[in-house]
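Here the structure is laid out as structure tokens; the discussion comes afterwards.
The values are calculated or read from the model by the stated rules, or taken from the named source; none is laboratory data. A quick note: this is a predicted structure, and the numbers were derived from the prediction, not measured. A quick note on method: Cβ atoms are made from the backbone with ideal geometry, for glycine too, and the neighbour counts reach across all protein chains shown. Just so you know, the surface numbers come from the protein's heavy atoms only, side chains and all, with ligands and any DNA or RNA stripped out. Shrake-Rupley method; radii C 1.70, N 1.55, O 1.52, S 1.80 Å.
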2 protein chains.
Amino acid sequence: MAYESALAALADPTRRQIFETVAAAPSSVGLLAGQLPVSRPAVSQHLKALSDAGLVTVTKQGTRNIYAACPDGLADLRRYLDGLWGDVLTNFAKDIAKELPND
Amino acid sequence: MAYESALAALADPTRRQIFETVAAAPSSVGLLAGQLPVSRPAVSQHLKALSDAGLVTVTKQGTRNIYAACPDGLADLRRYLDGLWGDVLTNFAKDIAKELPND
DNA sequence: CAGATTCGTAAGCCACCCCTTACGGTAAGT
DNA sequence: ACTTACCGTAAGGGGTGGCTTACGAATCTG
């Protein structure tokens, strides 16, 4: 239902890197910005996009916000791709059959 | 290895619609443009992006080019997402365990 | 309470992406 | 050979996305 936002979110290289890092282990905004070639506000904006897509969740720990990967967004995306995968395979098989009328 | 281009290709709504149509049944450029709110050259450019991502293939039939969905690009993308899925789930389970130290 | 740390948001800038129109090239039909 | 159909590419413009700097809010520490 919301696989579009997840797709758009993971299309950006920086956002993808952030998500991969958070998927390996939850982290704070400042820590993420420290190991990235962009500023902290940029990371904050990326995290908002990932959050809107259901890819990450936030938990406040004092003054710092810990972001962790969330299965929901990825689940939607995988469901969508699996649907496509079925269509592509059936059509692909049909085309192969047409290409070999001799036998 | 080339899941990045597939991800970027499917992030665009128009390109996604083109791919879904072609995944249902192979089609020519003009036919695709006919059932889309964009011009034919735009469709041609989108098809090039999809082709570079390994998502579609072309076969010439006289003067018209028939585009069909190709499993390769989708396979790469699914492989990448499955890898992420594993990381997310293990970490998600670990967080749940930490959230319930009482029992 | 004052200072320091961590973070989100606003404003602005710049590059890139998508679209269009225009053109050239190839194949089929008469 | 000429016309028609179908397509890819070049060139240009408009809108959007991602980045930065600047500012304000919230929490912890001394």
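Laid out as a table, the results:
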quantity: For region B:57-77, residues shielded by at least 40 square angstrom of accessible area compared with the chain on its own, probe 1.4 Å; calculated: B:71, B:74
quantity: CD proxy at 222 nm, helix term only [per DSSP H run n ≥ 4: -39500 (n - 2.57); per residue of the protein assembly as shown; nearest 500]; calculated: -21500 deg cm²/dmol
quantity: Extension gain (nm, one decimal) between residue B:79 and residue B:42, 0.36 nm per residue minus Cα-Cα; calculated: 10.4 nm
quantity: In sequence order, calculated HN-Hα J values of region B:9-21 (Karplus, 6.51, -1.76, 1.60; Hz; x Gly/Pro); calculated: 5, 7, 6, 7, x, 4, 5, 4, 5, 4, 5, 4, 4
quantity: Axis-nearest residue in chain A [Cβ, rotation onto B], distance in whole Å; calculated: A:11, 2
quantity: FRET efficiency, residue B:25 to residue A:63 (Cβ-Cβ, R0 45 Å, nearest 0.05); calculated: 0.20
quantity: Residue B:93 paired with residue A:93, simple spin-label distance in nm, labels 7 Å along Cα-to-beta-carbon; calculated: 3.3
quantity: Relative contact order for region A:3-99, counting Cα pairs under 8 Å that sit 6 or more residues apart, in percent; calculated: 31
quantity: At 7 Å out from Cα toward Cβ: residue A:63 inter-copy label distances (nm, ascending); calculated: 7.1
quantity: Residue B:38 accessible area, assembled protein chains, probe 1.4 Å, Å²; calculated: 50
quantity: Summed buried accessible area for A+B [probe radius 1.4 Å, Å², rounded to 100]; calculated: 2800
quantity: Accessible area in the full protein assembly, largest first, 1.4 Å probe, for B:90, B:63, A:14; calculated: B:63, B:90, A:14
quantity: Calculated label separations, residue A:14, copies of the chain, 7 Å along the beta-carbon direction, nm; calculated: 2.6
quantity: Rg/Rh ratio calculated on Cα atoms of chain A (Kirkwood radius); calculated: 1.23
quantity: Coordinate range along principal axes, alpha carbons of the protein assembly as shown, Å, largest first; calculated: 68, 37, 27
